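What follows is a single structure, written as structure tokens, with notes after it.
We did not get these values from a lab; they are worked out from the coordinates using the rules stated. Everything numeric in this text was worked out from a predicted model, so none of it was measured. So basically every Cβ, Gly included, is an ideal-geometry build from the backbone, and we count neighbours across all protein chains shown.
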């Protein structure tokens with residue numbers, strides 16, 4: 001499809017134009033030097049240098065908290081209302097790993113039964129990617145899980161930083177239309193970006209995970225785990241949630257909010273029994289879900305896009321890439 | 001003297017002699033970081049390290065060795081900096097940890113680069129069984145400029161500052177999980193019956209959680225600042241705790257939590273005269 005070369009000014013002018021018709025989400029650096037994906041009012045706010053924002057794009061498709069049903073009791077009838085869909089949105093400067101993460105999330109939420117809330121937001125969202133022309137952070141491991149630093153999966157437009165400007169490539173019909181108002185000059189022949197080198201690490205096969213389920217390794221790893229939810233909440237593919245009602249009397253809102261298998265009460269059953277009673281068992285579940293259960297259920301799709309957030313943000317240095325190496329090694333050592 | 005060598009020697013001896021069943025210390029991690037290690041064998045003690053990267057408050061892990069069913073917990077050794085040792089004192093006073101079952105390898109500290117270290121006056125742990133390394137020179141307590149800035153704000157300005165901070169919170173509970181003082185079996189923020197706050201990850205709920213946690217820490221916070229270090233969203237969690245630490249000191253004759261193994265927090269004591 002069509003490609004165009006845009007100077008930085010032309011790129012920002014294009015994004016400002018988009019903000020008139022869409023809610024635009026982009027990476028913004030705060031006073032403390034951290035970059036977060038958030039709604040922007042003007043393109044000038046965007047931090048295009050960031051390797052990986054603290055948060056992932058997940059919250060813009062699957063909000064941390066969402067009202068899914070509004071219940072109001074009237075005199076004669078009960079009124080049930082599903083909240084209206086949000087404004088159409090453009091996710092701008094999305095890294096390829098975050099976009100690739102949508103493949104597994106779609107498999108889950110768009111499968112049977114399809115999730116209304118994910119589905120309509122996904123439909124109303126366009127993704128403008130920002131290719132990684134250099135490997136942005138030391139924790140990146142997208143190639144280990146089959147991704148690429150310049151991968152275009154799930155993107156509508158891809159931007160490649162090139163010298164003084166950006167090559168913008170429309171990848172879908174919607175993306176090409178989105179790009180239509182942009183200034184700049186057409187690129188002919190099209191620009192083929194040289195992908196940076198990122199050697200993939202080991203990604204153990206199902207048999208390895210099966211062998212290691214009862215290994216002491218997980219208890220030992222759990223000894224230092226805090227049992228917080230950083231690794232799951234900022235993960236682009238962790239999707240667990242809780243549903244509860246807020247309000248009382250005549251008006252109640254049914255909420256869906258993120259929850260996490262790494263936290264203590266997540267797996268407690270109604271009887272009081274907890275099938276995952278230790279931090280090690282809970283941590284094991286997170287890794288198995290991503291690399292064993294989910295691929296088993298969804299035709300080999302790994303529930304991880306190698307963004308490296310959990311690696312970079314864990315306060316006690318629990319490192320998924322190290323876990324993958326350990327699983328591969330330990331499974332090989334077992335008889 | 002090399003501190004790492006010394007720590008390894010002490011830890012190995014403790015495990016070999018059977019004096020303790022575990023040594024909680026630091027090991028070299030991935031990507032230039034150190035991380036907590038619960039060493040179970042003399043061989044594993046060979047992985048222990050000690051340097052200025054050792055930010056974690058290991059007193060937290062003593063909560064994994066609580067007394068069970070009236071039988072004493074297994075003896076463990078733990079490496080503690082001054083603020084970490086204050087945590088042990090508070091946990092011992094609150095009957096969460098049996099002090100006689102803990103062998104403290106105390107380490108003097110000149111700061112490990114955390115926000116908490118900026119205004120920390122302490123150089124030597126207030127409790128230890130063996131001290132490793134030379135205490136650095138005493139220095140006068142530096143001022144907490146950030147706290148002073150916050151206290152100088154007009155109420156409306158301060159309100160706006162904190163509202164913006166809490167709006168970012170994702171209720172990952174890392175600040176609570178890393179806090180040695182937050183040991184409740186079920187946190188009030190997550191109680192279901194009765195439910196004190198909804199599951200919403202939203203400004204009002206976030207603020208409720210943080211304010212509640214701050215109040216539960218009055219006279220108990222030992223200012224290790226782990227809460228702030230672990231926050232992925234960059235919320236200055238320690239700042240509100242420091243405010244209440246200062247408030248407790250102002251109200252109760254310079255009281256600081258965990259400086260000894262005898263003085264209960266002001267809110268845990270009651271004197272008849274207070275009825276006046």
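Some values worked out for this structure:
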item	result
Global form of the stretch A:120-248, assessed from the alpha-carbon gyration tensor, a/c cut-off 1.5	oblate
Sorted peptide list for A:240-249, B:110-119, criterion being average Cβ within 10 angstrom, highest first	B:110-119, A:240-249
Degrees between helix B:3-16 axis and first principal axis of chain B (Cα, 0 to 90, nearest 10)	70 degrees
Alpha carbon convex hull of chain A, projected area averaged over orientations, nm²	20.7 nm²
Full-extension gain in nm, residue B:204 to residue B:53, via 0.36 nm per residue minus C-alpha separation	50.8 nm
Cα-projected label distance for residue B:160 with residue A:112, points at 7 Å along beta-carbon direction, nm	5.5 nm
Cα gyration tensor shape for the stretch A:3-186, rounded if a/c is under 1.5, else prolate or oblate	prolate
Hull shadow area, averaged, the protein assembly as shown [alpha-carbon convex hull, nm²]	34.4 nm²
Net lengthening on full extension, residue A:45/residue A:173 (0.36 nm per residue, minus Cα-Cα)	43.3 nm
Cβ-derived FRET efficiency at R0 60 Å, residue A:124 paired with residue B:21, nearest 0.05	0.55
Distance between modelled label sites at residue A:180 and residue B:43, nm, 7 Å Cα→Cβ extension	6.9 nm
Sites residue A:248 and residue B:253 - FRET efficiency at Förster radius 56 Å, r taken between beta-carbons, to 0.05	0.80
Rel. contact order, % - alpha carbon contacts under 8 angstrom, at least six apart, chain A	22 percent
Ellipticity estimate at 222 nm from DSSP helix runs (n ≥ 4, -39,500 (n - 2.57)) divided over chain B, nearest 500	-9500 deg cm²/dmol
Relative contact order (percent, whole number), the stretch B:3-131, Cα cutoff 8 Å, 6+ residue spacing	23 percent
Cα gyration tensor category, rounded, prolate or oblate, for the stretch B:3-131 with a/c compared to 1.5	oblate
